[in-house]
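Written out below as C-alpha cells is the structure these notes cover.
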Amino acid sequence: MSPRGLVVVEAAELVRMIDTAVRRALDARSEPRADGEWIDTRAAAELLGVSTRQIAKLAAGGRGRPARLSSSRVGRLLRFRRADVLAMLEGGA
C-alpha cells in the first residue's frame, strides 16, 4: 500500500502524460490570436529602452490621469499588447 498522498505512475504512462502536456503547451503557443501578441513587463521595457519600473508607472497612470500604456493583468502580472508598445515607441513617448 502506498503512503497517503503518493501517486504511483508507470514510466510509460508518465512519458505519455509529459508528451501530452508538451504538445498542448506548444499548440497553445503557436495558435494565432485575434487580439495580437501579448508581452510581459520586461519585454515591453526592452522594446522601449526603459526600466520595468517605468513600464509599471506608464501602465498605472496616476492621480486622476489615465494610463499612458494600456495593459491587462494576469493575476499580479502585467501584460501588454506588442502593437501598443510599438505604437508608443513610434509616437516618441
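Readers should treat all values here as calculations from the given coordinates under stated rules, not as data from a laboratory. Keep in mind it's a predicted model, so treat the numbers as computed, not measured. With ideal geometry, Cβ positions are generated from the backbone for all residues, glycine too; neighbour counts draw on all protein chains shown.
General remarks:
- Top-ranked residue in region 48-66 [being in contact with a helix residue (DSSP H, G or I) (Cβ under 7 Å, 6 or more places away or on another chain) and within 20 Å of Gly36 (Cα to Cα); ranked as surrounded by the most Cβ atoms within 10 Å (Cβ to Cβ)]: Ile55
- Scanning region 38-70 for residues that are of a type in the set (Gly, Ala, Ser) and within 15 Å of Leu89 (Cα to Cα) yields Ala43, Ala44, Ala45, Gly49, Ser51, Ala59, Ser70.
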